[in-house]
Each structure stands twice: as C-alpha cells, then as structure tokens.
Amino acid sequence: LGLLIKQVVSPQHNEDSDAAVTALKTAAIRMPDREAAASELSAAVKGAPLAAQVAILEILGKMGGSQALKTLASYGEGDNVDLKDTSSRLMGEWMTADAAPVLLKLATTGPADKFQVRAMRGYIRIARQFVMPEPERVAMCAAAMQACKQDNERKMVLDVMQRYPSRGTLELAIDATQAGNVRDEAKAAAQKIGEKLKDDAEAQAMLKKAGL
C-alpha cells in the first residue's frame, strides 16, 4: 500500500497517474484491515500535491469507515476550496448513518455557502433513506428543521416526516405550522401523517387540538 501511495503522490511519469490511482483504490478497498489502510491514506494526504490529495480523498470516500469519515470531515472544515468541495460531496453520498453528526456540524457552522447547503441535504438524505429507530429519525428531523436555512430544505424534511408517520413526526409537523414560510406545507404534511395514523387515538387528539 505504501508503494502505491508513493506512486500516486509522486508518480515517476505524469501519464502513470491515472493507473496509479486506480491501483491504489483497488488495493485499499481489498485491504483486510480497512481502518489501518484508511489511516495510512489519511496521513498521505498532508503535504501531497493537490491532485493527489483529491484522489486520495476520493478513495477514502469509496472505502468508508470511521477513519475515512474523520479525515473527510477535517478537510470539509478546512480552508482549501477544492478539498472542501470533494469532502462535502463524498460525505453527502455517505452510505452509513454515522455521517449524520458530521454533516449536521458542517451544515450549522461556518459561512452559509454551497458546502453548507450540500451538508444539510446530505443530512436530510440520511434521515430519509436509512433504516434507524423511530426516535432517532424524529430527532434528526427536529434538528434539521431547526438548522435549515432554506424553505426548500424544510420542505424536504416535511417529506421525510410524511414518509415515516409517527406521533413524533406528527408533532414536528404540527409545530412547523406555527411559524415560517412553510406553514401550508406543514399543515398538509400533518394532515397526511394523521391520515396514516387514523387508528391512533392520541395522534388524532393531537390533530384536533391543533385545529387540523
């Protein structure tokens, strides 16, 4: 692995760069100890030429795992625009739910820019697509509604609530009818959730109390 990393960071011939990256990606993914491999790759990013840094981050994104996520998060919070772009994109496509706290942090700190928007949408994607306990999904939806800076994102969260009807998501939708620019969408979401919970007496009581 070390030899392949060296070929990516300092190729003997420029025309060998693509082949070196492909070989490193194949080897890294096949490593029996992916966390150790990710640590070695992460260490190689520092001081490497920008093209090699981006290539290694891409490989870490393919590998997954806690070390890869930690490395991407660090560059997602950094100052280099190219590395922020690569890292935020890869974390937005992450295939395990452990990226959620990292994405929420990126979405709620730093300047309001395209990377922040990308992080928020990646966070919402995890809430929408991943299998998780109901209380965890409700908590994610609540955090997203509080952190969203755009109405389009709030509408995306409301869509998640409708997809997973529960008393928790119903309560969030009802709360969203009280303020902001998505009152109508929140009202419609609450009503649709209520329809799916028509046999839940407590849910129906919540709707009645809210005048819905």
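For the pair the stretch 51-84 / the stretch 141-180, the C-alpha centres are spaced 30 Å from each other. Using a cut-off of 15 Å between beta-carbons, work out the net charge of the residues near residue 121 (Lys and Arg +1, Asp and Glu -1, residue 121 not included). Charge balance in the 15 Å sphere: +3.
Just reorder 96, 169 by solvent-accessible area, largest first, 1.4 Å probe, all chains present. Could you put the intermediate results ahead of the total?
Working: 96 65, 169 5 Å².
Heavy-atom accessible area, descending, gives 96, 169.
The modelled label-to-label distance between residue 13 and residue 132, using points 7 Å beyond Cα along the C-beta direction, is 4.9 nm. P(r) for the stretch 96-146, from all Cα pairs and a bin width of 5 Å, is 4, 23, 35, 23, 10, 4, 1 %, short bins first. To put it simply, the accessible area of the stretch 67-179 at a 1.4 Å probe is 53 percent carbon and sulfur.
Put a dot 7 Å past the Cα of residue 33, heading toward its Cβ, do the same for residue 204, and the two dots end up 6.0 nm apart. Across the protein chains, with a 1.4 Å probe defining accessible surface, the residues 10, 17, 42 rank 10, 17, 42 from largest area downward.
Multiplying the residue separation of residue 167 and residue 191 by 0.36 nm and removing their Cα-Cα distance gives an extension gain of 7.4 nm. The aspartates and glutamates within cross-link reach of residue 105, meaning a Cα-to-Cα straight distance under 19 Å and a gap of 8 or more places when in the same chain, are 77, 79, 85, 93, 113, 136, 153.
All other residues with a Cβ under 13 Å from the Cβ of residue 62 taken together, and with Lys, Arg as +1 and Asp, Glu as -1, what is their net charge?
The answer is +2.
In the context of the full set of protein chains, residues of the stretch 97-212 present 53 Å² of accessible surface per residue (probe radius 1.4 Å, heavy atoms only).
In the calculated pair distance distribution of the stretch 113-212, what percentage of Cα-Cα distances lie above 21 Å?
29 percent
Rg to Rh ratio, the chain, alpha-carbon atoms and Kirkwood radius?
Answer for the chain: 1.12.
Size of the dipole of the stretch 1-128 about the Cα centre, Lys and Arg at +1 and Asp and Glu at -1 on the beta carbon, nothing else charged, in debye to 20?
Working: 15 positive and 14 negative charges, 94 e Å.
In debye, rounded to 20, the stretch 1-128 gives about 460.
Among 79, 33, the order of accessible area from largest down is 79, 33, computed with a 1.4 Å probe on protein heavy atoms. Calculation over all alpha carbon pairs of the stretch 1-99 in 5 angstrom steps from 0 returns a P(r) of 2, 15, 27, 25, 19, 9, 2, 0 percent.
To make sure I understand the rule: partners must be lysines, Cα under 22 Å from the Cα of residue 187, and not fewer than 8 residues away in the same chain. Which ones qualify? Cα-Cα hits under 22 Å: 149, 155, 196, 198, 208, 209.
The values are calculated or read from the model by the stated rules, or taken from the named source; none is laboratory data. Keep in mind that this is a model prediction, so the values were computed, not measured. Cβ atoms come from the backbone with ideal geometry, glycine included; neighbour counts cover every protein chain shown. Please note that ligands, DNA and RNA were not included when accessible areas were found on the heavy atoms of the full protein model with its side chains. Shrake-Rupley method; radii C 1.70, N 1.55, O 1.52, S 1.80 Å.
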